[in-house]
Amino acid sequence: MGVAMPTRVPPSTIRRSRAMRKNLTDGEARLWSELKQFRRLYGLHVRRQVPIGPYFADFAVQSRKLVIEVDGEHHFEPERQEKDAKRDAWLADLGYRVLRINTGELDENFDGCIEAILKELGLS
């Protein structure tokens, strides 16, 4: 059995990802506070602002091929929805499922959002 080689990620992508991790929205920060507990609670490593190909996922559980996106108001604009659909299709081609949570849902029903994530992971 061979040793897995790390994926080569350009240094510029790594820098951008690190910068994005430092600039989470309030909703993303609150969600991250909960998701980072998933390793201890469920043995699942959740990553934030992780590069996947040409895109950055807000959150990803790579072992379960799940991407969690927190969508603000600009995601409801037709141009943005078209870009999101293209991105989701690209991720689906890699075997990822994309769960989109809008910031309104996150603010109004945080526990329901966590429950939706757990359900998508097959944990509830």
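Below is a table of values for the structure above.
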read-out	value
Number of the exception - ARG48 against (1) among the basic types (Lys, Arg); (2) farther than 22 Å from GLY122 by Cα; (3) modelled with pLDDT of 90 or more	(2)
Verdict on ASP111 being free of Cβ contacts under 8 Å to residues at least 24 places away in the same chain and either exposed (fewer than 10 other Cβ atoms within 10 Å of the Cβ) or of a type in the set (S, T, N, Q) (or both)	yes
Candidate set: region 24-64, residues that are of a type in the set (Asp, Glu) and touching a residue at least 12 places away in the same chain (Cβ under 8 Å); chosen: the one surrounded by the fewest Cβ atoms within 10 Å (Cβ to Cβ)	GLU34
Qualifying residue in region 22-35 (condition: modelled with pLDDT under 90, among the aliphatic types (A, V, I, L, M), assigned to a helix (DSSP H, G or I) and under 14 Å from the mean Cα position of the chain (by Cα))	yes
Answer residue from region 36-57, given it is part of a loop (DSSP other than H, G, I, E, B) and in contact with a Phe, Trp or Tyr (Cβ under 9 Å, 6 or more places away or on another chain) and is nearest to ALA92 (Cα to Cα) among those	GLY53
Residue check for GLU69: within 22 Å of SER124 (Cα to Cα), surrounded by 12 or more Cβ atoms within 10 Å (Cβ to Cβ), touching a residue at least 24 places away in the same chain (Cβ under 8 Å) and not small (Gly, Ala, Ser)	yes
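The values are calculated or read from the model by the stated rules, or taken from the named source; none is laboratory data. In this text, all values refer to a predicted model and were calculated from it rather than measured experimentally. Counting neighbours? That spans all protein chains shown, and the Cβs are built from the backbone with ideal geometry, glycine included.
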